[in-house]
Amino acid sequence: MSELKKITAIILTYKTPKDIILGCIKSLSREIRIIVVENSKNFEHQKLIKKKFPKIKIFCTGKNLGYGMGNNFGLSKTKTDYALILNPDVVCEKNFFKNLPKVIREIKNFDIIGCQYLKDKVFVPAGFFNPKKNDEFKKEFLNNKIEKLAKVEWVTGCSMLLNLKKLDKKIYI
């Protein structure tokens, strides 16, 4: 089975404009599963999205649970080995899903992999809690001196791949 079939993308929305959510969904591989979690009582774009993308699962939480609990809600609905957490304004680069299976095969023992925003040249998607170590990492990252995945202490939540085989399900249920 392709690694892509083992991935569910979870897109957490809160009254997100349809153009933004459609841009995100259109950038995703058709091989992965997709869950949209609307962090309210009603997802106003549900009919449109189900018409264009019938395989997408859509859930409303009933109220705004916040970012963490909203994603945990989506994770509790996920049955694949990996979850790709995405903010609805994330548009995945063309080669993202071509490269992702290779990363999964090569780095089998990961917990979380953070992803980079390509549009923002000063955004660092990961780092360290120690300010000195973080400043060094940021400098290397921004100067393109980090050539492979780096082990870090934190990643941003806007775009990250979770290895659900490694994480305790009690965390997100």
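What follows draws every value from the coordinates through simple rules; no lab data is involved. This one's a predicted model, so the numbers in the text were calculated from it and none came from an experiment. Backbone-built Cβ (ideal geometry, glycine too); neighbour counts: all protein chains shown.
Here is how the numbers come out for the structure above:
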quantity	calculated
Only Lys, Arg (+1) and Asp, Glu (-1) charged, at Cβ; region 1-132 dipole about Cα centre in debye	500 debye
Set of lysines near LYS165 by C-alpha distance (under 20 Å), chain-local residues within fewer than 8 positions excluded	LYS5, LYS6, LYS77, LYS79, LYS102, LYS108, LYS151
Distant alpha-carbon pairs in region 5-61 (separation over 12 angstrom), percent	63 percent
Positive dipole terminus of the chain, leading residue within PRO17, LEU4, PRO54 (C-beta point charges)	PRO54
DSSP beta bridges in the chain [antiparallel fraction, %, rounded to 5]	40 percent
Over region 1-103, equivalent-ellipsoid semi-axes from the Cα gyration tensor in Å	22, 15, 12
The chain - Rg (one decimal) and Dmax (whole number), Cα, Å	16.3, 50
Reach of LYS98 by Cα under 19 Å, taken over aspartates and glutamates that are not fewer than 8 positions away in the same chain	GLU3, GLU31, ASP81, GLU106, GLU147
